Amino acid sequence: MLLTVQQLLMLKKASLETLYMVSVTTAFTVLAGVPLGVLLVVVRPGHILENRWVYRIVGLIVNATRSVPFPIFIVFVIPLTRLIVGTSIGSTAVIVPLTLAAFVLMARLTETCLLEVPHGIIEAAQSMGASSWRIITRVLLPEALPGLLMAVTIAIVTLISYSAMAGMVGGGGLGDLAIRYGYHRYQTDIMWATVLILVLVVQLVQHVGDKLVLRFSRR
Amino acid sequence: MPLIEIKGLRKIFGNGMGAVEALRGVDLEVAEGEIFGVVGLSGAGKSTLVRCINLLERPDAGTVSVAGRDMTSLSGRELRLARRSMGMIFQSFNLLSSRTAAGNVSFPLEAAGADRVAVRTRVQELLDLVGLSDKAGSYPSQLSGGQKQRVGIARALANDPRILLCDEATSALDPQTTASILALISDIQRRLGLTVVIITHEMKVITEICDRVAVMEDGSVVEEGPVAEVFTRPRHPVTRGFVETVLKSESGLLESGYAPKGRLLRVRMTGDAVQSPITGDVARLFGVSPVILQAHVDRIKETPFGSLLLDLQGPPDKVEQASAWLAERSGTMLVETLN
């Protein structure tokens, strides 16, 4: 299987688009998802900032967001995308629905990680007169760091897969290339090439993630 | 004035049909500088009680005052400050797995806002105090149970507390390690003049280092007093049960079919009386023959303690005189006829 120079250039362009969408979205996802996950944990009944109403309402919004299948979600948030980016098509426009869909996933993953921190450790910190902010920043997050790194890895892999649907609104990327050329134009070699690149990228992300988790695991 | 004063403390977990009353009106006073033990079976409410002292658990009724201040009335900030004057250690150690031994000890100092240089010297001092200066850079997963509890103790002492609360602090440790941790607690208590509250289900812990003890059952204190007294003259069945865990019970002996030929006597003594030759004395003075079925010598904190189970054989009037003589001796805490 040999690819033409033109095909290689298309692959390069699509790869860069995917890289752009995934990296920017990952940054937003972590920045918004981790704090939301922390909120979901600390307002739980019996936790340090217990608040039944906040817990219920935020939980409801997160669940509602996660219920919508991603292709529908892209269309559904078009008005918001226009408001933020100014247009609803292109790689940058796709970042809005991608972030919205992924940060709630990140929030749930963060929640799961933080709930793994033994309650006794939190109580010990309380018994030493630590404030809630200190417990969050110096106890919960550092203790859950290996799990959080694993969660970020999962989020990145999910984002790579979601970004394949960016083609729906002209966002480009590897997934779009595979469908347009590999499927609609029967250029199977292009499809094989994109699949190969995606497999390699996911392997690499997972490998780096695993290494980092191991590096910070102390249990 | 007692340092810790607990009045009418009640705590209910859950609500409706599933509600459990963990504390049913507990009154306790802990004096400054003493080691106070609370013993009870699991579910007796002892852990809830100690957690109410630093308000990890908020009581539903009653008051907890520490050094004359009502803990339940403090604001969030005041409570955090008050908690710094009370260290706490736990059964499961509760160390931060992401920090080294030194990092764990520095946590409460950072929370109290100490500067970096002060933290470093204080951490070194504290690790020296608990005999772990060579493990400063080790993570909890690299330490043994006893070493983890030593880190826990150093951490609890970081902000110079007046009170040390121990919630089943030795329950996860083997007997040798338990003994060394108790010796350490006792030693720092004396050196720093701490007031210590120890929660345990092991009577051995109480007799080893406590001055006074409260026995809890089903959310209430059923017996309270100086350890030697409660230990030698247990009144409540639960207390008897705990005493028997340390002192082998005579009931087993009787159940195994031993038929006493004379009067079966249980004698308990403390202090110098432990060393006096009472069996020889009764034989010589009254012409009776004491058969020793069981003998046990131990100590309660620093006081020697002895327990004897005698089958006192001889003419009934002589046996009567001999047991009366035994009961009147100084240092004899208890002479009880079992048959």
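The values are calculated or read from the model by the stated rules, or taken from the named source; none is laboratory data. Predicted model only: the values in this text are computed from it and were never measured. Ideal geometry is used to build each Cβ from the backbone, glycine not excepted, and the neighbour counts take in all protein chains shown. Accessible surface is based on the protein model in full, side chains and every heavy atom, while ligands, DNA and RNA are left aside. Shrake-Rupley method; radii C 1.70, N 1.55, O 1.52, S 1.80 Å.
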Among A:VAL43, A:ALA14, A:ILE74, which residue has its Cα furthest toward the positive end of the charge dipole of region A:14-113, with +1 on Lys/Arg Cβ and -1 on Asp/Glu Cβ? A:VAL43
Dividing the alpha-carbon radius of gyration of chain B by 2.2 N^0.38 Å (N being the number of residues), what value is obtained? 1.17
Along the three principal axes, how long is region A:121-219 when you take its alpha carbons, biggest first, rounded to the nearest angstrom? 67, 28, 12
Region A:5-216 - percent of accessible surface contributed by carbon and sulfur, probe 1.4 Å: 70
Given the options B:CYS210, B:ALA82, B:ILE292, identify the residue whose Cα lies farthest towards the positive end of the charge dipole of chain B (+1 on Cβ of Lys, Arg; -1 on Cβ of Asp, Glu). B:ALA82
Considering protein heavy atoms only and a 1.4 Å probe radius, which residues within region B:151-169 exhibit an accessible-area decrease of no less than 20 Å² in the full assembly relative to the chain by itself? B:ARG155
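Using the alpha carbons of region B:205-339, what is the convex hull volume per residue in cubic angstrom, as a whole number? All intermediate terms of the calculation are to be shown ahead of the outcome.
On the way: hull volume 14.2 nm³, N = 135.
Output value, Cα hull per residue: 105 Å³.
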Chains A and B: how much accessible area gets covered up at their contact, both sides added, probe 1.4 Å, in Å² to the nearest hundred? 1900
For peptide B:78-87, compute the average count of partner chain beta-carbon atoms within 10 Å of each residue's beta-carbon. 3
Where in region A:99-121 does accessible area fall by at least 20 Å² between the isolated chain and the complete protein assembly, at a 1.4 Å probe radius? A:GLY120, A:ILE121
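May I ask you to give the solvent-accessible area per residue for the protein assembly as shown, in square angstrom, as obtained with a 1.4 angstrom probe?
Numbers: 26270 Å² over 558 residues.
Ligands and nucleic acids excluded, the result is 47 Å² per residue.
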If one computes the Cα centroid of region A:147-182 and of region A:1-77, what distance in Å separates the two points? 11
Can you give me the orientation-averaged projected area of the convex hull built on the Cα atoms of region A:5-216, in nm²? 13.2
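Once you charge only the Cβ atoms, +1 for Lys and Arg and -1 for Asp and Glu, what is the size of the charge dipole of the protein assembly as shown about its Cα centre, to the nearest 20 debye? Each step should come with its number before you reach the end.
Details: 54 positive and 49 negative charges, 412 e Å.
Magnitude of the dipole: close to 1980 debye.
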Quote the charge dipole size of region A:5-216 about the Cα centre in Debye, to the nearest 20; the model charges only the Cβ of Lys and Arg (+1) and of Asp and Glu (-1). 260
Let's test the formula: R0 of 56 Å, r as the Cβ-Cβ distance of B:ARG240 and B:THR63. What FRET efficiency results, to the nearest 0.05? 0.95
Output the direction-averaged projected area (hull surface divided by four) of the convex hull of the alpha-carbon atoms of the protein assembly as shown, in nm². 37.0
Could you work out the pair-distance distribution P(r) of region B:297-339 from its alpha-carbon pairs, with 10 angstrom bin width and percents rounded to whole numbers? 23, 49, 22, 6
Leaving out same-chain residues fewer than 8 places away, which lysines sit with a Cα under 23 Å from that of B:LYS7? B:LYS46
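Rounding to the nearest 20 debye, state how big the charge dipole of region B:4-245 is about its Cα centre with +1 on each Lys and Arg Cβ and -1 on each Asp and Glu Cβ. Each step should come with its number before you reach the end.
Numbers: 28 positive and 29 negative charges, 142 e Å.
For this selection, approximately 680 debye.
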For region B:46-199, the Cα-Cα pair-distance distribution in 10 Å bins from 0, as whole percents, is 11, 40, 36, 12, 1
Quick one, could you list the DSSP H helices from chain A stretching 15 Å or more along their long axis (Cα atoms) with average Kyte-Doolittle hydropathy of -0.5 or above? A:5-42, A:52-67, A:91-115, A:141-163, A:188-216
Of all accessible heavy-atom area on region B:4-245, the percent that carbon and sulfur account for (1.4 Å): 48
Do any residues of region B:88-107 show a loss of at least 50 square angstrom of accessible area between the isolated chain and the full protein assembly, using a 1.4 Å probe, and if so which? B:ASN94, B:LEU96, B:SER97, B:SER98, B:PHE107
Given 0.36 nm per residue, what is the gain on full extension from B:GLU229 to B:LEU334 after removing their alpha carbon distance, in nm? 36.8 nm
